[in-house]
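Please treat every number below as a calculation from the coordinates, not as lab data. Remember, predicted model here, so these are calculated numbers, not experimental data. Positions of Cβ are generated from backbone atoms using ideal geometry, with glycine treated the same way; all protein chains shown enter the neighbour counts.
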Amino acid sequence: MRLLFAAGLIALATACSPAAPAGPSADDIAAESAKLTDYLNAEFEEELVMNPMLLTQMGRKELYDQLGDFSEADAAKQLEWRRESVAGMKAAVDPAKLNDDAKTSWAIWESELERSEIRAAWQRHSYIFGFGGPHTDLPNFLITYHKVDAPTDIDAYISRIALLGPAIDQFTDRAKLAVADGIRTPKFGYERTASEAMNVITGAPFGPGASSPLWDDLNTKIGFLLASDRANDAQAAAWKTAAEAALKDKVKPAYERLIAWLNEDMANAPSGKVGALTLPKGPEWYNVSLELQTTTKMTADEIHELGLSEVKRIHSEMDKIRAATGFQGDQKAFFEFMRTDKQFYLPNTDEGRAKYLETAQGYLDVMYKKLPEYFGRLPKAPLVVKRVEAFREVPGGAAHYYGPTPDGSQPGIFYAHLIDMSAVSLWALESLAYHEGVPGHHMQIAIQNELTDIPVFRTQYGYSAYAEGWGLYAEDLGKTMGMFTDPYNDFGRLNSELWRAVRLVLDTGLHAKGWTEEEAVAWAMANSARPTSSIKSEVKRFLLWPGQATTYKIGMIAIQKLRNEAQAALGDKFDWKAFHDMVIGGGSMPLPVLEARVRAWIAAQTKA
């Protein structure tokens, strides 16, 4: 009775109260959303002025003779700018009047401040050198992205060459600041960096031998201007003289200072157990790194257990393929067969490498024809498959992707390390092509670059859990699309997913559970068919880049769950093209933001 009476009072109060105010009109929402886009575009232009290299990667030639400031002081300045930018956004725009896509923009911009604050607090824990680094990334940026169409572009190129020296010095200083805090790259990272840095300054014009990477690239670009009658011999001679001086007087001394410091400090570099647990505040740092990399709050223990369960599940799927091939032996024997049998590897020759690249291109050619069945929006930028440049190539190194410029003048590049052909199996190549190419990274990143209906910053920002999650999702999607008709290649698809599950176990094992490098290699050998040299290279990568290896599987699972949710909610109304275009049509984003975006889309589709 009392409940009924109370309910009656509530009903009466509701009936007598004034009507709730109407929400914002469609015009209000459109205007406020447009205001946010204009604000964010203006803010991003300010950010670009502080980051000339990003301008170049976008195909723009403003500040074409600059590289940027890489000091801790500049990082602090950019953090303060971002604080002011987010505060300005909140003061200028009413989030209650934004459409769904504008809410995505707001969430990403706000999230970037939170992430920047975390990165700033832990900046010295992220290794400057080790797994790649500015000593190779900066030269490769000039070689790959600094396009030369006119004489002024060569002038800018030479200016940037001269600035490589101060940039390397700034990064070396930052590594020294980390050392002062008790944070050192593992010894093998020192050794790798010293070797790679020497490769950059070996050969002409630094000394005898073939052209060094930058000198070779400079001459190629000058040759283009000469061949197209955009320059004359006198200009070419002057450019070469100026570039030689910059390389010898600016680049070489800075690289030599880096190498000397590495060799001097190498005796202090750790070996043996070198995971995050060995660093100051190591456990706390690793949790922070996991959050930054995965964009989730998953703990190391949760990720480790997820990895173990996924390894078990995928092993059972692999057993079906083993049985289907008629292989006589258990799973361990099958792994060893796949890892070592010569039929799965091309010769360690130039012919073998050419065949590998040709085979990869063949898979991509077939996939391109299938894409329109599952995607409405297709990338405009071309895709090329290339061997990694010699100065940064390592045995067993992971394949990777470089994105195109928005105007398509620079293609997307699928890079493969081919110095050791025993580390690159043919059965893994089909899934690798789909991951790095289409419908993987090239599909997602090229389309992101080409988007024009969102704030510009969203065409350029990247999140590993989203991008690598999409790449792994794309491999599995290939099976749905009718690919992997060869059972060994289908095993390769599963082994690729298995390796990402193994990574969950190894990364957390190394950085949260105290595993040694040797223990991680042994566990991976027992639980996957990946070639030995590749496993050893990968484990070193995990040690140098805590947390990143977990992003692939976590991102893939997140996207698959959202797709399953959409299929369950929409039933016959579910459309593959619409779903995929929505997921990659908004640019890269943190997984919680993607989740909100997909669910808003599902709700809209349900009402349609």
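Before moving on, here are some points about what is shown:
- Cβ-derived FRET efficiency at R0 35 Å, Thr152 paired with Met50, nearest 0.05: 0.95
- Region 26-121 shape via C-alpha gyration tensor axes, a/c threshold 1.5: oblate
- Tensor-based shape of region 258-332 (alpha-carbon gyration tensor, a/c under 1.5 rounded, otherwise prolate or oblate): oblate
- Gyration tensor verdict on region 432-566 (Cα atoms; rounded if a/c is under 1.5, prolate if a/b is larger than b/c, oblate otherwise): oblate
- Under 18 Å from the Cα of Lys248 - lysines, other chains or at least 8 residues apart: Lys240
- Exposure proxy shown here: for Thr550, Thr508, Thr405, Thr152, the number of other Cβ atoms within 10 Å sets the order, fewest to most, as Thr152, Thr405, Thr508, Thr550.
- Ranked for footprinting exposure by Cβ neighbours inside 10 Å, fewest first, Trp81, Trp515 give Trp81, Trp515.
- Computed magnitude of the charge dipole of region 26-121 (debye, nearest 20; Cβ of K, R +1, Cβ of D, E -1): 160
- Separation of the Glu351 and Asn263 label points, Cα + 7 Å toward Cβ, nm: 4.1
- Only one residue of Gly189, Thr136, Ala231 has its Cα farthest out toward the positive end of the dipole of region 134-271, where Lys and Arg carry +1 and Asp and Glu -1 on Cβ, and that residue is Gly189.
- Modelled label reach - Ala242, point 7 Å along Cα→Cβ, region 156-179 residues with backbone N closer than 12 Å: 156-162
- Euclidean distance of C-alpha centroids, region 265-302 and region 98-123, integer Å: 23
- In terms of distances greater than 29 angstrom between alpha carbons, the cross-link table entries Lys61/Lys252; Lys97/Lys553; Lys297/Lys369; Lys320/Lys561; Lys252/Lys380; Lys103/Lys561 yield Lys97/Lys553; Lys297/Lys369; Lys252/Lys380.
- For the chain, DSSP calls about 40 percent of its internal beta bridges antiparallel.
- Rel. contact order, % - alpha carbon contacts under 8 angstrom, at least six apart, the chain: 16
- Fewest-first sequence of Ile154, Ile183, Ile419 by Cβ atoms within 10 Å of each Cβ: Ile419, Ile183, Ile154
- Excluding same-chain neighbours fewer than eight residues apart, the aspartates and glutamates reachable from Lys187 by a Cα-Cα span under 13 Å are Glu264, Asp265, Glu517.
- Evaluated with a Cβ-only charge set (Lys, Arg +1; Asp, Glu -1), the chain carries a dipole of roughly 1100 debye about its Cα centre, given to the nearest 20.
- Candidate lysines - alpha carbon under 18 Å from Lys281, same-chain residues fewer than 8 apart omitted: Lys273, Lys513
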